[in-house]
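The structure appears right after this line, and notes come after that.
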Amino acid sequence: MTKLKRILVTGGAGFLGSHLCERLVAQGHDVICLDNFFTSQKSNVAHLLGKPNFELIRHDITLPIWLEVDEIYNLACPAAPGHYQYNPIKTMKTSVTGSINVLGMAKRCRAKVLQASTSEVYGDPEVHPQPESYRGAVNPIGPRACYDEGKRAAETLFMDYHRTNRVNVRIVRIFNTYGPRMHPFDGRVISNFIRQALEGEPITIFGDGNQTRSFCYRDDMVDGLIRMMEGPDDFVGPVNLGNPDECAIRRLAELIIELTGSRSEIVYKSQPEDDPRRRQPDITLARTRLGWQPTVPLREGLEKTIQWFRTIELSHYRPPTPRY
Ligand code: NAD
Ligand code: UDP
């Protein structure tokens, strides 16, 4: 039988956080969702508000907070380029000061704490696919640095609290993840393409569309996060979590046009600065240490995501976030 725990999810109202909260609540845990709603809205967790084992706190993680918990999933951070570049200094503060705050709480409560790191720590990689041992090629002064370097600094803090204060930590490096409840105006490629396809707008490919990403469906990712948190204490990571099925952005556009039955045309726009050319996780470590691997193929995950996008009312979401 699962031992019931008090679990804090920072960024818990976001795309991944809300699904994680949902899963943990269903398992019977006492879940505290903390969020400042910078890139999300209360509607993502509205269905959980009436549950006796769910609590929502509006709070900014860059400010200290005093809670008693057994586990912390630290997901608070804007994740889409347009969102994290909107206020880059705040993004860095969220990763760095936010991590210091949750690590301090974990140290005081003797809680286990998991950091949602990212494939962006590899920057525009010269090694392909990317294993955890690869140290990355990040431009420290470019427009993506507030996110990439913030997450790298957070990993440093997690390892230093672990080594010097014996805090029980876990670090996962999440590769592009998608699914229902993505913000329709976050500017990420899957949300953009699906929304554009459904609205009959031109599909905007940045660059020639030969750049690749590897897309993981959200259910697989939530499984991976929980497995890592529940895994052995001597396995702190970092561990890659993602789907190794690599896909060119042009192929993704064509697939979304096919699955939506859209008549949208494809238009080519300039490629953003420092946009990584290729990205694919080496998940050998996750397979061997966690027995984890993704199970949802891209086509199936996209169908579910498209179905959800068909049901939402776009005017209920904040308008497009300018990008670059
Ligand atoms: P998201 O933007 O939907 O969720 C982030 C949540 O954090 C939002 O609810 C936002 O309001 C909240 N937040 C932001 N700053 C905050 C602050 N200062 N205090 C409190 N809350 C704050 O993004 P997501 O895709 O769900 O990503 C969740 C986490 O996973 C992030 O840390 C992100 O960096 C990481 N990640 C996601 C992906 C992906 O493809 N989805 C890839 C790599 C890493
Ligand atoms: N992209 C694109 N059109 C869009 C949005 C994104 O061609 O409308 C490209 C983007 O340039 C990048 C890839 O899709 O090469 C993934 O972008 P996203 O912002 O989703 O995530 P990230 O770059 O952080 O992986």
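The values are calculated or read from the model by the stated rules, or taken from the named source; none is laboratory data. Because the structure is a prediction, the values reported are computed rather than measured. Glycine also receives a Cβ, built like all others from the backbone with ideal geometry; neighbour counts cover every protein chain displayed. In case anyone asks, the SASA skips ligands and DNA or RNA and just uses the protein heavy atoms, side chains included. Shrake-Rupley method; radii C 1.70, N 1.55, O 1.52, S 1.80 Å.
Given a 10 angstrom Cα cut-off, can you work out which residue in GLY224, GLY207, GLY142 is the most mobile in a GNM of the chain?
GLY142
With the contact rule set at Cα under 8 Å and sequence spacing of 6 or more, what percent relative contact order holds for the stretch 214-324?
The value is 41 percent.
Roughly speaking, what is the stretch gain from GLU313 to ASP233, that is 0.36 nm per residue apart minus the C-alpha to C-alpha distance, in nm to one decimal?
Gain in length upon complete extension: 24.4 nm.
Please report the relative contact order for the stretch 120-242, taking Cα pairs under 8 Å with a sequence separation of at least 6, and give it as a percent rounded to a whole number.
29 percent
Which percentage, to the nearest 5, of the DSSP beta bridges contained in the chain is antiparallel?
10 percent
Excluding ligands and nucleic acids, what accessible area in Å² is computed for LEU4 using a 1.4 Å probe, to the nearest 10?
Rounded to the nearest 10, that gives 110 Å².
Calculate what fraction, in whole %, of the accessible area of the stretch 38-109 sits on carbon and sulfur atoms when a 1.4 Å probe is rolled over the protein chains.
Of all accessible area on the stretch 38-109, carbon and sulfur atoms account for 59 percent.
Could you sort GLU199, GLU71 by accessible area so the largest value comes first, with the probe set to 1.4 Å?
Descending order: GLU199, GLU71.
Could you put TYR268, TYR317 in order of accessible surface area, largest first, with the 1.4 Å probe and the full protein assembly present?
Per-residue accessible area, sorted high to low, gives TYR268, TYR317.
At most 13 other C-beta atoms within 10 Å and a DSSP loop state: those are the exposed trypsin sites (Lys or Arg not before Pro) I care about. Give me the longest piece of the chain that has none.
The segment 4-109 is the longest one with no such site.
Which residue, ASP186, ASP233, ASP124, has the most motion in a Gaussian network model of the chain that connects Cα atoms within less than 10 Å?
Taking springs between Cα atoms under 10 Å, the residue moving most is ASP233.
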